[in-house]
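First the structure, in the form of structure tokens, and then the observations on it.
The values are calculated or read from the model by the stated rules, or taken from the named source; none is laboratory data. None of these values were measured; they are calculated from a predicted model. We place every Cβ from the backbone using ideal geometry, glycine too, and count neighbours over all the protein chains shown.
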């Protein structure tokens with residue numbers, strides 16, 4: 001079993017041949033894919049793909065880049081749309097101070113609204129964080145103090161200290177193809193030590209194609225390459241790593257087991 005815990009099947013580069021992309025993933029053993037939304041205008045299409053494909057599920061959420069453009073997407077709207085049987089997560093949401101495409105205060109307010117939706121629905125929040133480690137950690141801690149919620153730090157590239165905070169809060173950590181890059185030594189060191197029972201693997205397709213596919217359009221089949229690299233890095237049996245991370249996916253995104 002293999003699970004791609006984060007991909008964008010409706011993005012340019014994949015949508016044009018979506019069925020072929022899905023078949024290539026299945027051929028390489030991918031049994032579950034989570035199709036992530038980043039803006040409200042995508043929700044219907046992302047959910048429709050999950051309705052059509054039994055091994056694809058969906059999220060509803062607003063990326064921090066889009067926070068300024070979605071002031072009306074509040075907790076209530078997220079909770080309402082999350083009732084759909086194929087919607088199994090909230091997000092992606094979080095903080096991105098690298099690009100600052102949206103006002104930081106607006107990003108933070110949106111992030112908290114998403115966490116509240118995760119708390120209310122019991123669905124995991126998919127957390128995006130870039131160059132915002134301290135504020136992300138503070139909000140995660142403060143919100144956990146208001147009541148527990150499940151979640152995953154997607155495309156993890158932060159410090160070991162941030163990983164420790166996330167794990168202490170009960171969150172999962174998802175590793176992308178970035179871990180295969182030559183310049184990702186710090187990430188490799190952290191990934192080697194993550195507890196396997198909290199580990200997920202993702203592609204973030206169509207982005208971040210791992211070695212040996214650098215420069216190509218990323219796709220869910222490439223999760224197999226990242227899994228193989230991780231198994232070698234960690235000294236894990238490849239079959240065990242694939243199976244455990246897939247089980248972790250269905251444990252965290254528990255609604256997938258009933259959908």
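Hey, any hits in the stretch 41-53 for a residue that's touching a helix residue (DSSP H, G or I) at 6+ places or on another chain (Cβ under 9 Å) and over 26 Å from residue 245 (Cβ atoms)?
Yes, some residue in the stretch 41-53 is touching a helix residue (DSSP H, G or I) at 6+ places or on another chain (Cβ under 9 Å) and over 26 Å from residue 245 (Cβ atoms).
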*Inspect all residues belonging to the stretch 238-247 and state whether any of them is under 23 Å from residue 56 (Cβ atoms), surrounded by fewer than 19 Cβ atoms within 10 Å (Cβ to Cβ), modelled with pLDDT of 95 or more and touching a helix residue (DSSP H, G or I) at 6+ places or on another chain (Cβ under 8 Å).*
yes
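Name every residue in the stretch 68-93 that is part of a strand (DSSP E or B) and under 19 Å from residue 139 (Cβ atoms), in order of residue number.
Taking the stretch 68-93 and keeping what is part of a strand (DSSP E or B), we get 87-93.
Once the filter is applied, which keeps residues that are part of a strand (DSSP E or B) and under 19 Å from residue 139 (Cβ atoms), the stretch 68-93 yields 89, 90, 91, 92, 93.
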*May I ask you to list the residues in the stretch 50-67 that are within 18 Å of residue 123 (Cβ to Cβ) and not in a loop (DSSP other than H, G, I, E, B)?*
50, 51, 56, 57, 58, 59, 60
*Take the residues in the stretch 1-49 that are in contact with a strand residue (DSSP E or B) (Cβ under 6 Å, 6 or more places away or on another chain) and part of a helix (DSSP H, G or I), then tell me which one is nearest to residue 86 (Cα to Cα).*
47
